[in-house]
Amino acid sequence: MLYILDTADIETIRYCNEYYPLAGVTTNPSIIAKEHTDFWELVTQIREIIGKDKMLHVQTTQKEAEKIVEEAKLLKEKLEGGFYVKIPICEEGLKATMRLKELGIGVTMTAIFTPPQALIAAKAGASFVAPYVNRLDNIIGDGTEVAAEIVRQLAHYGSDCKVLVASFKNAEQVHKCASAGCHCVTVDPKILKAVISHPMTDAAIKGFERDWTSVYGDKTILDF
Ligand code: E4P
């Protein structure tokens, strides 16, 4: 499973890219707007930090297929490498996706809340579909089960479209998505931290330190 960072905060991206095995960064208009800065400067800086090979998903601001395609071409030209345009599922979005497939520009169909939405997005040629787990959980919609069903249906029909699950509030949701075989999760840094944390781990590390220092004091292996 791939871990992607769901933020446009430059310092957070710089930090997490250094400490976590990230496959890339996802943004959306809300995430970008939070930064209150020049769009091109921001996304170019993100690309510089993560490098050309990692994925960068940026959402279109257009509503009509032709304009979505035009924007996607410009984004691809400027951001190069592993670039994917995020398009919310709708008729214009599907039309744009079919055209972008022909042009070889990757699409992440986003704002997915049901398996039928995901299946038709895959059929149109989306490389990724992005179901929103926590927003479904918030309305008692069982977000992780929706993501799991999308994985099952895409596998059943032999689709090469991948499930990039978005909208998380806790590590348990990430765990359930991994168990279901979801291909990627996009999370904020708090979730990454929650994924690696466990009180028993903290206790184990403290125990190792205590036992070592009781015999060797401040010496480390490098001091022998
Ligand atoms: C992906 O980029 C989604 O837009 C995002 O993960 C949604 O998360 P939220 O429900 O926390 O806003």
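Values in this text are rule-based calculations from the coordinates and carry no lab data. Keep in mind the model is a prediction, meaning the values are calculated, not measured. Here Cβ is always computed from backbone atoms with ideal geometry, including for glycine, and neighbour counts include all displayed protein chains.
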Exposed loop sites here are GluC sites (Glu not before Pro) in DSSP loop states with at most 16 other C-beta atoms within 10 Å. What is the longest stretch of the chain lacking them?
81-224
Convex hull over the alpha-carbon atoms of the stretch 5-51: what's its volume per residue in Å³?
60
Nearest-0.05 FRET efficiency for I10 and K123, computed from C-beta distance (R0 22 Å):
0.05
Zone reached by a paramagnetic label modelled 7 Å from Y157 Cα along Cα→Cβ, restricted to the stretch 112-128 with backbone N below 12 Å, covers 115-126
Which whole-Hz ³J(HN,Hα) couplings does the stretch 47-52 yield from phi under the Karplus relation 6.51 cos²θ - 1.76 cosθ + 1.60, θ = phi - 60°, glycine and proline marked x?
4, 4, 5, 7, x, 5
Among the listed pairs K123/K162; K67/K101; K54/K76; K52/K190; K52/K176; K76/K169, give every one whose C-alpha distance is greater than 20 Å.
K52/K190; K52/K176; K76/K169
Pop out the ³J(HN,Hα) list for the stretch 153-167 in order, Karplus 6.51 cos²θ - 1.76 cosθ + 1.60 with θ = phi - 60°, rounded to Hz; leave Gly and Pro as x.
5, 5, 5, 4, 8, x, 6, 9, 5, 9, 9, 10, 7, 10, 6
Using the alpha-carbon centroid of each, what span in Å lies between the stretch 1-76 and the stretch 89-129?
18
Dipole of the chain [Lys/Arg +1, Asp/Glu -1 at C-beta], most positive-end residue of A126, L222, S159:
S159
Gain on full stretching of the segment that runs from E77 to E35 - 0.36 nm per residue minus C-alpha separation:
12.8 nm
Restrict the search to the stretch 119-186; then list the chymotrypsin sites (Phe, Trp or Tyr not before Pro) that DSSP places in a loop and that have at most 12 other Cβ atoms within 10 Å of their Cβ.
Y157
Tell me the label-point distance for the pair A178, I196, using the 7 Å Cα-to-Cβ offset, in nm and rounded to one decimal.
1.3
Let me see the pair-distance distribution of the stretch 2-198: every alpha carbon pair, 10 Å bin width, integer percents in order.
9, 38, 38, 14, 0
For the peptides 212-219, 120-127, 106-113, what is the packing order when you average, over each peptide's residues, the other Cβ atoms within 10 Å and list the highest mean first?
106-113, 120-127, 212-219
Evaluate the distance, in nm, between pseudo-label points positioned 7 Å from the Cα of N170 and of E209 along their respective Cα→Cβ axes.
2.8
